[in-house]
Each structure stands twice: as structure tokens, then as C-alpha cells.
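One structure below.
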Amino acid sequence: MNPYQPETLPLRELDWARLIRPVGKANAGLAEYNGLLQGMINPGVLLSPLTRQEAVLSSRIEGTIATLEEVLEHEAGQRFEKNKEDDIQEILNYREALILSSDYLNNYPVRLSLVLQTHKILMNNVRGHDKKPGEFRKSQNWIGPSKNTPIEQATFIPPNPLILMDHLYAWEKYLAIDDADPLIQTAIAHAQFELLHPFMDGNGRIGRLIIPLFLYSKKCLSFPMFYISAYLENNREEYYSRLKEISQHGAWTEWIEFFLQAISVQAKDNINTARQIQNHFNSIGNQIRSITHSQYSLNALNSIFDLPIFSSSDFIRISKIPKPTAHTILRQLLEAKIIRILKRGEGRRSSIFAFPSLLNIVEGHPVL
């Protein structure tokens with residue numbers, strides 16, 4: 001098998017007749033979702049659990065098995081066996097990379113420098129940390145049925161490292177233009193990045209991270225919060241198959257159709273989940289004000305939505321409520337069954353609490 005020869009961007013041979021309807025549907029769904037984002041008072045807080053869930057699912061595509069609840073419990077001070085801790089660290093790195101990249105895009109477009117910076121964060125102290133984090137590869141890599149597959153049995157070989165930078169610069173230039181449609185451009189940008197496979201490890205997660213960042217940079221999103229990994233995880237075989245068909249048969253139109261379907265389905269799911277979270281925020285806010293009669297009721301509300309599994313010390317730190325008042329509010333929330341104790345504190349270790357109704361919304365089924 002020869003190394004993949006990337007096509008020149010922008011693409012010239014797309015079947016636009018097949019794409020008109022799906023691109024219209026996907027744009028309508030994304031616009032409706034973005035309208036919901038714009039109407040939220042504090043989307044960063046309200047959608048914080050979804051941001052963590054996106055990190056969980058994108059990492060799961062690459063083989064991690066940690067759950068959202070385990071990530072949150074880890075952040076609250078709970079510790080697990082080493083393999084699980086390693087998975088959790090990958091997920092936390094993904095979330096940190098998304099947050100820092102979002103800040104970068106307030107001043108600059110998506111550039112190769114951002115990709116390198118993001119990769120360095122993503123690979124910090126996790127699997128692949130010995131494979132040149134924050135550096136584009138200078139040796140040939142390949143994909144095969146197993147980790148130790150020799151190149152002779154590879155199912156895909158990315159471009160030769162000697163010409164990799166030429167294609168990456170061309171990719172960066174493509175991001176800077178306005179192609180016929182921003183969603184189609186996002187589909188092409190994501191696939192081309194995956195096929196260039198510019199890092200020795202972490203390519204899939206970086207490529208998926210680029211999706212909301214690029215949509216944000218193109219003003220399709222008011223905040224870089226679009227969660228697509230659930231669809232890609234649920235359709236993992238087709239996801240990889242469609243990318244492979246590009247490399248083998250130049251099947252770009254088929255790939256774009258798949259990607260637009262992912263956007264349409266996830267826009268609908270994201271809208272439904274975001275609305276449930278927003279309605280729950282309003283409902284729980286009314287309850288907290290009613291039971292606490294406190295000037296700090298909004299602080300408490302924002303805190304448990306931002307971090308739905310937390311220690312008492314986390315609650316005090318995030319909410320900025322004076323310690324005696326914070327403990328009183330926690331007791332009131334427990335009595336009202338808004339939160340529950342997951343693990344009682346011992347000695348100097350704080351108790352760990354959960355806000356189960358929010359987690360059930362994010363997961364789409366009862367989890368606690």
C-alpha cells in the first residue's frame with residue numbers, strides 16, 4: 001500500500017445535487033441550536049456537564065472506558081485504580097484543551113500553532129506522552145488491525161513526513177477561506193486532518209476538537225459548544241469506513257453526507273438536552289430560593305450545575321459562599337433531596353455529593 005496522496009483543497013468534484021438537501025437540514029438544525037445558546041444566560045455553566053460528556057465520548061472512541069460520573073468523582077477527590085485514573089486524565093486534558101483553544105479563538109483563527117498547542121495539552125502525562133506532544137511527526141506512521149501491525153499489513157498509510165508540512169500549510173490556508181458552505185468546509189477540514197494524521201498519537205481527538213472550534217471561528221456558533229462525539233461513537237464503524245473510502249476511492253461526497261447527518265442528529269439531540277437543562281435550571285432555582293431564602297441561592301444553583309458531583313470544599317470554593325452559610329445550604333439541599341451524599345467525609349476528607357437529576361438529563365437515562 002502506498003501513502004495517501006491528499007487532494008487539493010478546496011475540492012472541485014463534489015456531487016452538489018446530493019448535498020443540497022442534507023446541508024440545508026444540517027444548517028437549520030445548527031442555527032436552531034445556536035439560537036438556544038444565544039438565549040442562555042450562562043451557557044458555560046449550564047452546558048458544563050455536556051462539555052465534560054463530549055470529552056468522555058471523544059476519548060471513548062479512542063479506547064478509554066471512564067464514565068462522566070467517574071470523571072466528576074475524580075475531580076471531587078475520589079481515586080480509582082491506575083488504568084481508570086489514566087483514562088480520566090485523558091478526558092480532563094481534552095476538556096482543558098477545548099477551554100484554552102476557545103480562549104485563543106477570541107483573538108485568532110484556527111491555525112497550526114493552535115493545533116500544536118492543543119495537542120501538547122491533550123497528550124500531557126497520558127498515553128502517547130512519549131510520542132512528541134506538540135510536534136508534527138517526522139517519521140512515517142500507519143494504521144492497522146492491531147497496535148503492532150507491520151506497515152506491510154497496514155490498512156491506511158498517511159502522507160510521507162517529507163511532504164507532510166506542505167499539506168498542513170495547504171490545510172491551514174483552506175481554513176482561512178470561505179468555502180461554499182461552512183458545514184461542508186468543516187466536514188472537509190476534519191476529514192483532511194484525519195487523513196494527514198499529522199501526529200504520532202492523538203489525531204482523532206484533535207480532529208474532533210477542531211469541529212466546534214472551526215464552527216465557532218466561522219461564526220456558526222456563538223460559543224464553541226457543539227457535541228458531536230455521541231453520534232460518531234454510536235456510528236464508529238461507519239465513521240472510520242467513510243474516512244477510509246475517501247483515501248481509497250475519493251468518496252468525499254459520501255463522507256460529507258455522513259458528516260451532515262451527524263450534525264443534523266446531534267443538533268436535534270443537543271437542542272433537546274440543552275432545553276431540558278435550561279428548564280431544570282429554572283425549576284431547581286425556584287426550589288433553592290424557596291428553601292434557603294438566601295442571597296446566595298444563585299451562587300449555590302450555579303455551583304451544582306457547573307459541577308454536579310462535588311465535595312463540600314468544592315462547593316464553598318466555586319460558589320464563594322461563606323463556609324458556615326455554605327454548610328447550611330448543603331444541609332437544606334440534602335433535606336429537599338436536590339442533592340445526595342455519594343461518599344461521607346472521614347477525618348479531613350470532605351463528603352462527596354451528587355446532583356443526580358442533572359446527571360440523568362445529560363446521560364439520557366437514570367445513572368444515580
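Read-outs: derived from the displayed coordinates by stated rules, not from any lab. Computed from a prediction, not measured in an experiment: that's the story for all the values here. We place every Cβ from the backbone using ideal geometry, glycine too, and count neighbours over all the protein chains shown.
What shape does the range 271-368 take by its C-alpha gyration tensor, where a ≥ b ≥ c are the square roots of the eigenvalues and a/c under 1.5 counts as rounded, a/b above b/c as prolate, and the rest as oblate? Judged from the Cα gyration tensor, the range 271-368 comes out oblate (a/c at least 1.5, b/c at or above a/b). To the nearest ten degrees, helix 203-217 and the longest principal axis of the Cα atoms of the chain are 80 degrees apart. Take every pair of alpha-carbon atoms less than 8 Å apart whose residues are at least six positions apart; their mean separation over the length of the chain yields a relative contact order of 23 percent. Give me the log10 of I(q) over I(0) for the range 86-217 at q = 0.21 Å⁻¹, as the Debye formula computes it from C-alpha points; what are the numbers? Those come out to -1.34, one per q. Helix 161-176 and the longest principal axis of the C-alpha atoms of the chain enclose an angle of approximately 60°.
Here's how it looks for Leu342: its modeled amide H is under 5 Å from those of Ile352, Phe353, Ala354, which are all 5 or more places away or on a different chain. Judged by the gyration tensor of its Cα atoms, with axes a ≥ b ≥ c, the range 1-98 is oblate; a/c meets the 1.5 cut and b/c is at least as large as a/b. Sequence-ordered 3J(HN,Hα) estimates for the range 55-72 from the Karplus curve with 6.51, -1.76 and 1.60 and θ = phi - 60° stand at 4, 4, 6, 5, 5, 5, 4, 8, x, 6, 10, 5, 9, 4, 4, 5, 4, 5 Hz, glycine and proline given as x. Over the chain, the hull volume per residue, using the convex hull of the C-alpha atoms, is 139 Å³. Less than 5 angstrom separates the built amide H of Gly134 from those of Lys120, all sequence-distant by 5 or more or on a different chain. Would you calculate, for the chain, the mean residue ellipticity at 222 nm contributed by helices, counting each DSSP H stretch of 4 or more residues as -39,500 (n - 2.57) and dividing by all residues, to the nearest 500? Using -39500 (n - 2.57) per qualifying helix, the result is -20500 deg cm²/dmol.
Excluding the site residues themselves, the longest part of the chain lacking any trypsin sites (Lys or Arg not before Pro) in a DSSP loop with at most 13 other Cβ atoms within 10 Å is 220-319. Between the helical axis of 297-306 and the longest alpha-carbon principal axis of the chain there is an angle of about 40 degrees.
Past 32 Å, Cα to Cα, is the threshold; run Lys25/Lys84; Lys132/Lys268; Lys82/Lys343; Lys131/Lys268 against it and keep the listed order. The pairs that break the limit, which is 32 Å between Cα atoms, are Lys25/Lys84; Lys132/Lys268; Lys131/Lys268.
Given Ala189, Ala170, Asn160, which one lies farthest toward the positive end of the charge dipole of the range 145-191, if we put +1 on the Cβ of every Lys and Arg and -1 on the Cβ of every Asp and Glu? Of the options given, the answer is Asn160. Among Val126, Val56, Val115, sorting on how many other beta-carbon atoms sit within 10 Å of each Cβ, with the fewest leading, yields Val126, Val115, Val56. Under the combined filter of DSSP loop state and at most 15 neighbouring Cβ atoms within 10 Å, the range 104-199 retains these GluC sites (Glu not before Pro): Glu135. When the square roots of the Cα gyration tensor eigenvalues are ordered a ≥ b ≥ c, the ratio a/c for the range 1-48 is 1.5 or more and a/b does not exceed b/c, which makes its shape oblate.
Between Asn282 and Ser222, full extension at 0.36 nm per residue minus the direct alpha carbon distance yields a gain of 19.4 nm.
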